[in-house]
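Step one of this worksheet: look at the structure below.
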Amino acid sequence: MAQSKIISTEIYDNNICKIIFEKDNIEFVAGQHIQIKTPNLFHFRTYSFYSSETCNEISLIFKIVLNGYLTPNLAIMKNGEYIDYKNVSGNFLSDFNDNNNNYFISNGTGIAPFHSFIKSRKVENWTLVHGAKTTNHVIDSSDYNREKIILCTTEDTKGDYKGRVTQYFKNIQLERNSKFYICGSSSMIIETINILKNKGVAYDNISYEQYY
């Protein structure tokens, strides 16, 4: 276990929080995750990296869970306080091939590994399909090539598709040889996998990571 100094915390709409802390000696590749906690707590929780591999700071995003074990404590940490961390691991996105047609599929804070990957790599052959309640719930939207994002919103009509991510995939034609990377809630992951398999997508072409 090691410690790092908090640089900032910011709370967005829908109780999404971004926490930024010093990189120290942390090395990672986009798609990996890290375990963190506050010094006053015993148990660690796991979060995907949100920042790019080359950024001089580490950023993570999470939803503040009312009466949750860790997130309410994380959200109120002040600049200069310390966070505990350990165990950088994971291989999500490690088999990405820019010669394939690649879909990044997420909802909520499941966008984190895709943000990290897109900011870290000069890749072109990807489409991000992201689900949120409203367009205001998508943080750092300017970080993405807008032409490569399909925003699925359930509570406004300002996105590209009115409805859930799963509904979007039910209603489109797919190239079955595409590669699909999914990160988000377990219910979204399971439903999306079933939809893709029903459309003839081979299971080997589907990779997923549950809400880290």
Out of PHE96, PHE28, PHE114, PHE49, sole residue that is under 18 Å from the mean Cα position of the chain (by Cα) and either small (Gly, Ala, Ser) or farther than 25 Å from MET188 by Cα (or both): PHE28
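Residues are listed down the side, and each one gets a yes or a no for (1) within 17 Å of ILE16 (Cβ to Cβ); (2) in contact (Cβ under 8 Å) with a residue 40 or more places away in the chain; (3) part of a loop (DSSP other than H, G, I, E, B); (4) in the same structural domain as ALA112 (by TED's automatic domain parsing):
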| position | (1), (2), (3), (4) |
| --- | --- |
| THR127 | no, no, no, yes |
| ASN136 | yes, yes, no, yes |
| LYS158 | no, no, yes, yes |
| GLN167 | no, no, no, yes |
| ARG176 | no, no, yes, yes |
| SER187 | no, no, no, yes |
SER89 at pLDDT 95 or above and farther than 24 Å from TYR12 by Cα: yes
Per-region count, the range 172-212, residues surrounded by 16 or more Cβ atoms within 10 Å (Cβ to Cβ) and either aliphatic (A, V, I, L, M) or farther than 21 Å from GLY31 by Cβ (or both): 9
Test: LEU151 is crowded, with 20+ Cβ neighbours inside 10 Å, within 19 Å of the chain's Cα centre (by Cα) and over 24 Å from ILE20 (Cβ atoms): yes
Options GLY184, GLY159, GLY131; residue that is touching a Ser or Thr at 6+ places or on another chain (Cβ under 6 Å) and within 22 Å of TYR50 (Cα to Cα): GLY184
TYR144 modelled with pLDDT under 95, touching a strand residue (DSSP E or B) at 6+ places or on another chain (Cβ under 7 Å) and either under 16 Å from PHE96 (Cα atoms) or surrounded by 21 or more Cβ atoms within 10 Å (Cβ to Cβ) (or both): no
Residue in the range 52-75 that is among the aromatic types (Phe, Trp, Tyr), outside the structural domain of SER186 (by TED's automatic domain parsing) and under 26 Å from ILE193 (Cβ atoms) present: yes
Test for SER142: is it touching a residue at least 40 places away in the same chain (Cβ under 8 Å) and within 16 Å of the chain's Cα centre (by Cα): no
Condition broken by ILE16, with the remaining ones in (1) within 27 Å of ARG121 (Cβ to Cβ); (2) surrounded by fewer than 16 Cβ atoms within 10 Å (Cβ to Cβ); (3) at pLDDT below 95; (4) of a type outside the set (Asp, Glu) satisfied: (2)
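The values are calculated or read from the model by the stated rules, or taken from the named source; none is laboratory data. Fair warning: this is a prediction, and the values are worked out from it, not measured in the lab. Heads up, the Cβs are rebuilt from the backbone with ideal geometry, glycines too, and the neighbour counts pull from every protein chain shown.
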